[in-house]
Amino acid sequence: MAAWRVAPDAGALDRRSCAHEDADEHLPEPETAPACDDCPAGAPFGSLLHCLTCGHVGCSDSSAGQHAYGHARTSGHPLARSLRSGDTWAWCYEDELFLLPTDEEGPVDEDGHAP
C-alpha cells in the first residue's frame, strides 16, 4: 500500500485531513503468528495494530494494555494498521483519523472490512 485516504465519516460536519495520507510507510505483516509485543506471554489481548514506521505490534484501545496507543504516544510513530484478518484499515494517532488504503482493490465497508 503506497498511501492512505481518510475514510468517509457520515457524522462529520466537514472532511478532516490527515497529515500522513501520503505516507509511504508500509512494512510487511509479521511472519509469525502475531501477539502484542508488550503484553505478558499468554495474556489475553483484543485486536492488534502494526506500526507502519517500525513494525511494533501492540494491542488495541479495546484491550486492557492499550499498547499500540502507548507506542504511538512515546515513539511519535503516527500510523498503525489492523492485523485482523480481512481488515485493510489504519489509524492515525496524531490526527485521530480512520484511514483506508488509496490503492484498495474492491469495496470495503465503513469498518475497513472486505464484503
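The values are calculated or read from the model by the stated rules, or taken from the named source; none is laboratory data. Just so we're clear, the structure is a prediction, and the values are computed from it rather than from any experiment. Here the Cβ positions follow ideal geometry from the backbone for every residue, glycine too, while neighbour counts run over all protein chains shown.
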**Residues (part of a loop (DSSP other than H, G, I, E, B) and buried (at least 18 other Cβ atoms within 10 Å of the Cβ)) located in region 89-103** = Trp89, Tyr93
**Complete:** Counting only residues in region 49-67 that are among the small types (Gly, Ala, Ser) and free of Cβ contacts under 8 Å to residues at least 24 places away in the same chain, the one farthest from Glu21 (Cα to Cα) is identified as Ala64
**Residue among Ser63, Ser82 that alone is of a type outside the set (Asp, Glu) and within 11 Å of the chain's Cα centre (by Cα)** = Ser82
**Message:** Pull out all pairs, ordered by first then second residue, where Cβ-Cβ is under 9 Å, the residues are six or more apart or on different chains, the first lies in region 85-100 and is polar (S, T, N, Q), and the second is surrounded by fewer than 20 Cβ atoms within 10 Å (Cβ to Cβ) and assigned to a strand (DSSP E or B).
**Reply:** Thr88/Leu100; Thr88/Pro101; Thr88/His113
**Item:** Residues within region 40-64 that are in a loop (DSSP other than H, G, I, E, B), touching a Gly at 6+ places or on another chain (Cβ under 8 Å) and at pLDDT 90 or above, tallied
**Value:** 1
